[in-house]
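Beneath this line is the structure, given in structure tokens, with notes to follow.
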Amino acid sequence: MPFVLIEVLAKIIDLRTNSYGNYVVSHILEFGGEKDKSKIIEEILDDIVELSLHKFGSNVVEKCLMFAPAYQKVEIIDRIVSAPPVHANHSNTLAELM
């Protein structure tokens, strides 16, 4: 694995919501190897709803849904659909995302 990729994967938490870093993460999700994609998705899965609502993080979530392996797509969708509402005036998080 190239040194640059190792460094990027180590900084996913910072890069996923960065105005430029989200493009780097998105590029890896689109063109990277399965292990790299899985590592990124594992790193962001716990924060998937918050990232979906974030200006730059939502780009990363979109790429996850497009290029993740099928089993991880199911996990992402399950997390989003089953998440509690972020705001009291909405019935569920999925409505907020739409």
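In the condition set (1) over 22 Å from residue 75 (Cα atoms); (2) assigned to a helix (DSSP H, G or I); (3) of a type outside the set (Lys, Arg); (4) modelled with pLDDT under 95, residue 14 is compliant with all but (4). For region 24-55, residues that are over 19 Å from residue 77 (Cα atoms) and surrounded by 15 or more Cβ atoms within 10 Å (Cβ to Cβ) total 5.
The values are calculated or read from the model by the stated rules, or taken from the named source; none is laboratory data. Bear in mind that the values here come from a model prediction, so they are computed numbers and not experimental data. Quick reminder, even Gly has a Cβ in these numbers, built from the backbone with ideal geometry, and neighbours come from all protein chains shown.
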